[in-house]
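Data block below; observations after.
Read the figures in this text as sums done on the coordinates, not as results from a lab. Quick caveat, the model's predicted, so the values are computed rather than measured. Note that we place each Cβ from the backbone using ideal geometry, even for glycine, and neighbour counts take in every protein chain shown.
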Amino acid sequence: MKTFLVTILSLLTFGNLHSQIEGSDKIYSEFLYEKVFSRFECALEDSCAMSFKEAVFLVENTYFNETLDRIQFEQQIHDLVVTVSSVVQAHNLIYEGNDYKEVEKYAAIFQVMCDTIAINYGDTIINHLPFTYDFDDIWGYKQWSNMFVSKLLNTRKGNCHSMPLLYKILADQIGTEAHLAIAPNHFYIKQYSQKSGWFNTELTSASFPIDAWYMATGYIHLDGIVNKLYMEALSEKQSLVLCLIDLAKGYQQKFGSKDGEFIQKCIDLGLKHFPNYINALLLKTEVLKVQFFEIMESNYAEYPKEVMHIPEAKSLFDEMELLAKKIHKMGYRRMPREMYLDWLASLREEREKYTNKKISNFKSRN
Amino acid sequence: MVLGKNKYWSSLAIFYLLFFSVGIAQVQSTQLQLPNIPQPSLLPPNSPQPLNLNRGFPSSTTPNTPSRSQQQYQRHLQQQQKERQRGQQLEQVLREDAQEAERRAAEVRALRNSRVNYDFPTNAHLHGTSSYRSAFTKLLDMDDSTYSITKAVFTTEDAFFDNKGDFSYLDEAMSDIASFLLNKMADEGINTEDNVAKNLMIYRFFADTMQLENGSFHLPYEYDFEDYRGRKDHRKLMVIKLMTENSGQCHSLPLLYLMIAEYMKAEAYLVYAPNHTYIKFPLPDGGFQNIELTSKIFNSDLHVVRSGFVKAEALQNKLYMQPLTDRQLLSENLTDLAKSYIAKYGYSPFVKEVIDSAIIKDPNNIPAHLVKSNYYTYRCFFIDRQLRVTNENFEQKKRQYPKLKQAYEERDEIYSTIDKLGYEPMPEEIYQEWLEDMQKEVDQKKNKEQFIRLKNIVRQ
């Protein structure tokens, strides 16, 4: 009887047992996040090497508490690389330029990601199927792991986050250059060829839009481009920062941003190496906002005005305002997320106007 | 009086003289008999030839039934003719051979002495090139504190006319326009110190019909569609042409705007777009208002972006849509000077000198880079012609002449610089379409609304 009462009391006082388990889980998980963070720090400070593929894997593996199968991940990418190289071997591309070998690789990766390819496997023919756009949960609201490359590899369905990332991994593996580029709420691929200069690859719709499409329809203020918030071909280091902020976002998804210390650490490191990374700046405002609301809630305040007498709240608010002004000045404008799918569709509707004809006119021999 | 009388008489004398001489000529022509042309049959076979008009042609005077001696004579003539022709042909062949040999020898000599020109010859000896040289030094003498767009434009354009113009006329004309516009503003009760107001007034000067102080009318400046790139006539691009003919294009219109703005002490900037320039003036809120003078509308930067020829890199490298500083304007003037020289004399090392200094002034000046790239391209053609380079022997010749290889490498280097800057060539038809689209897209009602909105910004 006594023991029963004690358990009842303990349940009432310490909350339920489930959260207790979460707590220990949290400590373990936080330990993993710290470990990966120091790995990123080491790589960004040039003390150790880290490939983009490794960065992507670390981010996703940490989210799953190191339960992601590394061998499977490597194997899946390896299989794709083999397919890409066999497409390269076929030499089907018709292109006149001194950088033929590079462009051939670009074309092969694109084909493997967006086309059906028949592969002779012994006596049988296997059809390699393209990766497709997953219209379900494009922002990872239901499940954050929907943004992951490992999810894309397993289900062959991805979005504007996982598809460009996979493209870049494949390009790195095959030994050619591909750069990630940022548009509002969106990533895409930028590459350079002698005949076309810089060109864009849009994997979500398997097409090559010209820059005007992003500029004229994609909620980009021109200042945002001039200040290199958007549409810049990212360097290797900047791509690692992109993964680092993904790491922070994964942490935020798991534990919220009330305890913003880890997220803040990631943001600071990220901004040190990529000062105008818009997603880092936006995450920062978000964290500040949550912290400010926290103070409001604990003071039972309904309006911000009511907590302004608290110095901590005042400084948070000022910082938030300053940051918002800065981002606005750099050229950021909020894109309503509902508009996103319409925007992607606009490329299909205005294909004629916004397609890069120099690229789409590349012919293959068969 | 006496002089007049003399003149009268002398002219009368000339008149009579003329009259009578004509009369005499007429009389003579009626009286004279044409001499008979001797018949060939009357001539002995070996007598010297008379006027041999029908040499080589079958004679029309040959009688229908020629005698034997006549036939012999004919044969003799034909023989002579043939021999003469053969001799001429032989001479021709020999002459050609000699020429060919001489040419080859010269080529061999040239090659031996490596007399191939790897750059264009200087045209310094040509009449008028010295005026370009002096214009160039005049432009370089300007610095940020002394820069005047009016002076710079005048210097650039006057070089084309051998520096024969007089700046004081232009100076006077510009002051007249400026004071007229400022007076008009004062008359209408508009604040003559406000920058937006001044710019709106200049805009009206371009877009509206205005009655001048002397009662005559100033008509709006028209867009001249004909040869708007100045291919046939370089003068089409000039402000002086715009001022005399009241019509211009996207190069001269914005420049005149800036010149008027300079004399009115208004703040306005030139802005580049692909193949195009327009005007931006600052607004009190820190932003800018665009003016498109070819269609006289308040356009937005999005119009430019929609052309599809603006790459992100071009914006990031500030090739387009950025208000130009005075230093950048000077770079533009230098580029114009180089273009004008090319139109008149073709390429020469002087062009490179001018364009290099333009690029030093503004390293991302895309029109200057394009002139430079043309220079290097034509230089390659120039060397190709001397070395007789064809598609087949290109690789071999490149190995043979390292300087040829170098010329091509230099050309490719500037090509890749331009690509890296984010330049995308815009075909001319598309440019023309784009200009027309812009005109269609903006309806006049909206444009008027924008004008009123801007008018309301003006401080009283």
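A few points about this structure:
- Candidates A:Thr201, A:Thr132, A:Thr116: whichever shows maximal mean-square fluctuation once chain A is modelled as a Gaussian network with Cα springs under 10 Å: A:Thr116
- Mean ellipticity per residue at 222 nm, deg cm²/dmol - from DSSP H runs of n ≥ 4 across the protein assembly as shown, formula -39500 (n - 2.57): -19500 deg cm²/dmol
- Prolate/oblate/rounded label for the stretch B:244-334 (Cα gyration tensor, a/c 1.5): rounded
- Theoretical FRET efficiency, 1/(1+(r/R0)^6), r = Cβ-Cβ of B:Thr325 and B:Asp141, R0 25 Å, to 0.05: 0.90
- Three-way shape label, the stretch A:101-171, alpha-carbon gyration tensor, a/c 1.5: oblate
- Within the shell defined by Cβ-Cβ distances under 11 Å, the residues around B:Thr156 carry a net charge of -1, with Lys and Arg each +1 and Asp and Glu each -1.
- Residue pairs exceeding 26 angstrom between C-alpha atoms, taken from A:Lys53/A:Lys353; A:Lys237/B:Lys311; A:Lys353/B:Lys445; A:Lys53/A:Lys325; A:Lys357/B:Lys352: A:Lys53/A:Lys353; A:Lys353/B:Lys445; A:Lys53/A:Lys325; A:Lys357/B:Lys352.
- Between A:Cys48 and B:Gln74, the simple label model (points 7 Å from Cα in the Cβ direction) yields a spacing of 11.3 nm.
- Centroid-to-centroid, using Cα positions, the stretch B:190-206 and the stretch A:212-272 are 44 Å apart.
- Beta bridges per DSSP with both ends in the protein assembly as shown, % antiparallel, nearest 5: 90 percent
- Set of lysines near A:Lys142 by C-alpha distance (under 23 Å), chain-local residues within fewer than 8 positions excluded: A:Lys26, A:Lys151, A:Lys157, A:Lys249, A:Lys254, A:Lys258, A:Lys284, A:Lys289
- Along principal axes, Cα extents of the protein assembly as shown, largest first, whole Å: 166, 89, 50
- Beyond 30 Å in Cα-Cα separation lie the following of the pairs B:Lys138/B:Lys318; A:Lys272/A:Lys305; A:Lys358/B:Lys296: A:Lys272/A:Lys305; A:Lys358/B:Lys296.
- Remark: mean inter-chain Cβ contacts per residue of B:314-321 equal 4, using a 10 Å Cβ-Cβ cutoff to other protein chain atoms.
- Shape of the stretch A:29-138, Cα gyration tensor, a/c cut at 1.5: prolate
- Considering only Cα atoms, the convex hull volume of the stretch B:325-377 works out to 58 Å³ per residue.
- Label sites at B:Ala186 and A:Ala90, each approximated as a point 7 angstrom past Cα along Cα to Cβ, lie 8.0 nm apart.
- Take the Cα of A:Glu30, step 7 Å toward its Cβ, do the same at A:Thr116, and the gap between the two points is 5.2 nm.
- Aspartates and glutamates whose Cα lies under 18 Å from that of B:Lys164, excluding same-chain neighbours fewer than 8 positions away: B:Glu172
- Computed over chain A, the convex hull of the alpha-carbon atoms projects to a mean area of 24.7 nm².
- Amide H contacts under 5 Å for A:His128, placed H, 5+ residues apart: A:Ile117, A:Ala118, A:Ile119
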